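Q: The structure that follows is given in the form of structure tokens.
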Amino acid sequence: MKSLRFTLLGLLIPFISNAQNATQLNIKPADKQIISKHIYGHFAEHLGRCIYDGFWVDENSTIPNKGRIRLDIVEALKKIKIPNLRWPGGCFADEYHWRDGIGLRSQRPKMVNTNWGGVTEDNSFGTHEFLELCEMLKTEPYIAGNVGSGTVEEMAKWVEYLNFDGVSPMATLRKQNGREKPWKVSFWGVGNESWGCGGNMTAQYYCDLYRRYATYARNYEGAPLKRIASGANAEDYNWTETCMKNIGTRMWGLTLHYYTLPTGNWKDKGSATAFDETQYFNTMKNCLRMDEIVAKHSAIMDKYDPSKKVALIVDEWGIWTNVEPGTNPGFLYQQNSLRDALIAATTLNIFNNHSDRVKMANLAQTINVLQALILTEKDKMLLTPTYHVFDLFQVHQDAKYLPIDFVSPDYVSGDKKIPALNVSASQDASGAIHISLVNLDPKNKIKLNTSLNGLSWKSITGQIITSKNVTDVNSFTDPNKVSISKFNGAKKEGSNLSVELPAQSVVVLELKQS
Ligand code: AHR
């Protein structure tokens, strides 16, 4: 009898301790909040090999292309439904004079790209080429105008060239250059990093300039602009406060730039591929700061704009490491590991969870620069671990936001700790629920017990991104080392969901009505 009691207890203990160890997640039904698809936006600057040798190939290239735009890249980006593409910078935008990039290519003036490697820019990729690319990608253009070294007239005329459908000098010029109908560009950046490379301005001076430039960047018929002010660097809350006070609802959006630096030190940011657990931990800690930074800027915006008319636009984010050894330091070429995938997924979860205020974001940058989606080497290209995250997370685009409550287990490293788990969830138009889960802990799995509080569902499928080491990358010799595979660790238990989330993984679950 005694031994039977012990046997029964022995059988029960694993279940009791499983239930006790599991993290409880409560997902609540949707209210009105939508996760804007524009949170999943991208950025292509005239920097290093993003445009030239990225999107844009040589005139006589044998790489399949249409009008010099590389087709394998277009296909890959269409697959993840990129909603918008920011161009031409970045810092480059405030030295870019758009008229140098139109008309016959052979007659376009050349310039020095002073920000990025001092290389010669031949202006072969300009306004028409960019907008052709956007049409091929079926994505919305987001153009950053030049406030730093350009004039009010120059910006006003660019908008007229792009958007006016009548008789005017700029509309005529556009037609002479082969484009009859206006493009009707909507997202319009008034400068970039005006506190730094965009003119080293004070916040108050920028606000005054914004009001002037934005006045003459006109709304033409059928083409109202969404004017976007150049916002704060990371924790510069004074910049946001000044813009909200002085510009307010004269802007559609206000930007924020925050990059994750592994070491936190701009002079030696850390390697993209050679890092130990301490540096991995610190990188993730720095990545998670995005949540606090967004929350604090949002709180300031709430003070001036409680009805949330002005969007917070994180139009530069991602991990910034030292460049790959042997590459041009001005080209910002870095490899992309499983760590990058965990950063991308965590940051997108943060944005989803702040989607009441964050309406748009742009990862820096699309190809061969910083936290790229795609790397190229001559005719070869590969999809990075970060690309695969955008592939999995596209299910959240324009879906209804589902709030979640949970207390994360800790990821402990030495005497420090951070939350190991981050999550966001949404419900799409068909009623399917998508839950994106990230476990930052490189050693321990996380057990989850999830209540869906009345949300109905019948079947579950899942996909996962993980790999043996957080340092694993996709290379031209092993391009699929880190990719998406089927996830079998989620089960329906009554109306609840139980999940076993592997260490260092990104999982997206789909709960369907049928
Ligand atoms: O994305 C690279 C650079 O980072 C951008 O040009 C600039 O805006 C930022 O400082």
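Q: Given GLY178, ILE343, THR242, which one lies farthest toward the positive end of the charge dipole of region 35-399, if we put +1 on the Cβ of every Lys and Arg and -1 on the Cβ of every Asp and Glu?
A: My answer, from the dipole projection, is GLY178.
Q: What is the distance, in nm, between label points placed 7 Å from the Cα along the Cα-to-Cβ direction at LEU173 and at LYS81?
A: With each label placed 7 Å out from Cα toward Cβ, I get 3.8 nm.
Q: For the chain, give the magnitude of the charge dipole about the Cα centre (Cβ charges: +1 Lys/Arg, -1 Asp/Glu; no others), in debye to the nearest 20.
A: Numbers: 57 positive and 53 negative charges, 277 e Å.
The calculated dipole for the chain is roughly 1340 debye.
Q: For a quick check: with amide H placed at 1.01 Å from N, whose amide H comes under 5 Å from THR23's, ignoring anything fewer than 5 positions away on the same chain?
A: LYS447, LEU448, ASN449
Q: What number, rounded to the nearest 500 deg cm²/dmol, is the helix-based mean residue ellipticity at 222 nm of the chain, given -39500 (n - 2.57) per DSSP H run of at least four residues and division by all its residues?
A: Details: 10 runs with 137 residues, N = 514.
Computed mean residue ellipticity for the chain: -8500 deg cm²/dmol.
Q: With a cut-off of 8 Å between alpha carbons and a minimum separation of six or more residues, what is the relative contact order of region 224-273 in percent? Write down the numbers at each step before the final one.
A: Working: 45 pairs, mean separation 20.3, N = 50.
Relative contact order comes out at 41 percent.
Q: Which cross-chain or sequence-distant (5 or more) residues have an amide H under 5 Å from the amide H of GLY89, H modelled 1.01 Å from N in plane?
A: For GLY89, whose amide H was placed from the backbone, the distant partners under 5 Å are ALA144.
Q: Could you work out how far helix 152-163 tilts from the main Cα principal axis of the chain, as a 0 to 90 degree angle to the nearest 10?
A: 70
Q: Another one. Between THR327 and ASN265, what FRET efficiency comes out of the Förster formula 1/(1 + (r/R0)^6) with R0 = 22 Å and r the beta carbon distance, rounded to 0.05? List each step's numbers first, then the result.
A: Numbers: r = 20 Å, r/R0 = 0.91.
After rounding, the FRET efficiency stands at 0.65.
Q: Loop only by DSSP, 10 or fewer other Cβ within 10 Å of the Cβ. Give me the GluC sites (Glu not before Pro) in region 25-97 that pass, ordered by residue number. Mind showing how you got there, number by number?
A: Numbers: sites: GLU45, GLU59, GLU75, GLU95; in loops: GLU45, GLU59.
Here the GluC sites (Glu not before Pro) that fit, given the DSSP loop and packing criteria, are GLU59.
Q: Another question, then. Under the Karplus relation 6.51 cos²θ - 1.76 cosθ + 1.60, θ = phi - 60°, what is the ordered set of whole-Hz ³J(HN,Hα) values for region 39-46, x standing for Gly and Pro?
A: Residue by residue, region 39-46 yields 5, 9, x, 9, 9, 10, 9, 6 Hz.
Q: I would also like to ask the following. Between GLU377 and SER495, how many nm apart are label points set 7 Å from Cα along the C-beta direction?
A: Using points 7 Å along Cα→Cβ, the separation is 5.4 nm.
Q: Fully extended, how many nm does the chain gain between ASP165 and LYS303 (0.36 nm per residue separation, minus their Cα-Cα distance)? If you can, show how the numbers build up before the last one.
A: Numbers: separation 138, 0.36 × 138 = 49.68 nm, distance 3.92 nm.
Full extension from ASP165 to LYS303 adds 45.8 nm.
Q: Below 8 Å between Cα atoms, with a sequence gap of 6+, how large is the relative contact order for the chain in percent? Numbers along the way, then the final one.
A: Working: 1137 pairs, mean separation 93.2, N = 514.
Value for the chain: 18 percent.
Q: Here is a further query. Do any trypsin sites (Lys or Arg not before Pro) in region 248-283 lie in a loop, going by DSSP, with at most 13 other beta-carbon atoms within 10 Å of their beta carbon, and if so which?
A: Details: sites: ARG250, LYS267, LYS269; in loops: LYS267, LYS269.
When the trypsin sites (Lys or Arg not before Pro) of region 248-283 are filtered for loop state and at most 13 Cβ neighbours within 10 Å, LYS267 remain.
Q: Straight-line reach from LYS309: which lysines have Cα under 27 Å away, leaving out those fewer than 8 places along the same chain?
A: In chain and number order, the partners are LYS28, LYS32, LYS37, LYS81, LYS138, LYS184, LYS226, LYS245, LYS296, LYS359, LYS400.
Q: Also, I was wondering about something else. Counting only the backbone N, which residues of region 386-415 are under 19 Å from the spot 7 Å out from the Cα of SER451 toward its beta-carbon?
A: Only 402-409 fall inside the zone, counting backbone N under 19 Å.
Q: Ranked from highest to lowest mean number of other Cβ atoms within 10 Å per residue, what is the order of the peptides 464-477, 103-116? Could you put the intermediate results ahead of the total?
A: On the way: 464-477: 17.5, 103-116: 13.8.
With the highest mean Cβ count within 10 Å placed first, the list reads 464-477, 103-116.
Q: What per residue convex hull volume, in Å³, comes out for the chain when only alpha-carbon positions are used? Walk me through the numbers before you get to the answer.
A: Values: hull volume 84.3 nm³, N = 514.
Convex hull volume per residue, Cα atoms: 164 Å³.
Q: A follow-up question, please. Can you list which of the trypsin sites (Lys or Arg not before Pro) found in region 274-312 are DSSP loop residues with at most 16 other C-beta atoms within 10 Å? Don't jump to the answer; show the numbers that get you there.
A: On the way: sites: LYS285, ARG289, LYS296, LYS303, LYS308, LYS309; in loops: LYS308, LYS309.
Qualifying residues, ordered by number: LYS308, LYS309.
Q: What's the local net charge at LYS296, with K and R +1, D and E -1, over the other residues with C-beta under 14 Å away? Before the final figure, lay out the partial values.
A: Working: positive: ARG289, LYS303, ARG357; negative: GLU235, ASP236, GLU241, ASP291, GLU292, ASP302.
Here the count lands on -3.
Q: Taking the DSSP beta bridges in the chain as the whole, what percent of them are antiparallel, to the nearest 5? Don't skip to the answer; put the middle values down first.
A: Values: 55 of 93 bridges.
About 60 percent, rounded to the nearest 5.
Q: Per Stokes-Einstein, at 37 °C and 0.692 mPa s, what whole-number D in µm² s⁻¹ belongs to region 234-389, with the Kirkwood radius over Cα pairs as the hydrodynamic radius? List each step's numbers first, then the result.
A: Working: Rh = 16.4 Å.
The Stokes-Einstein estimate is 200 µm²/s.
Q: Can you list the residues, at least 5 places off or on another chain, whose amide H is less than 5 Å from the amide H of ALA311, using H built in the peptide plane?
A: Here GLY253, LEU254 satisfy the definition.
Q: By what distance, in whole Å, do the Cα atoms of region 88-181 stretch along each of the three principal axes, largest value first?
A: In descending order, the Cα extents are 40, 30, 27 Å.
Q: Right, another one. Using the beta-carbon distance between GLU221 and ALA503 and R0 = 45 Å, what value does 1/(1 + (r/R0)^6) give for FRET efficiency, to the nearest 0.05? Walk me through the intermediate numbers first.
A: Numbers: r = 56 Å, r/R0 = 1.24.
Efficiency for this residue pair is about 0.20.
Q: Normalising by the residue count of region 364-493, find the relative contact order in percent from Cα pairs under 8 Å and 6+ residues apart.
A: 20
Q: Lys and Arg at +1, Asp and Glu at -1: add these up for the other residues within a Cβ distance under 14 Å of ALA22 and post the number. Let's see the in-between values first.
A: Details: positive: LYS445, LYS447, LYS491; negative: GLU493, GLU500.
Summing Lys and Arg as +1 and Asp and Glu as -1 gives +1.
Q: Sort 179-190, 486-497, 410-421 by the packing proxy (mean of other Cβ within 10 Å over each peptide's residues), most packed first. Spell out each step's value before the answer.
A: On the way: 179-190: 19.3, 486-497: 14.0, 410-421: 15.8.
Ranking the peptides 179-190, 486-497, 410-421 by packing returns 179-190, 410-421, 486-497.
Q: What is the local net charge at GLY67, summed over the other residues whose Cβ is closer than 10 Å to its Cβ (Lys, Arg +1; Asp, Glu -1)? Working shown, then result.
A: On the way: positive: LYS66, ARG68; negative: GLU129, GLU132.
Charge balance near GLY67 sits at 0.
Throughout, read-outs are computed from the coordinates displayed, never taken from laboratory work. Keep in mind the model is a prediction, meaning the values are calculated, not measured. Because the Cβ atoms are built from the backbone with ideal geometry, glycine has one as well, and the counts that use them run over all protein chains shown.
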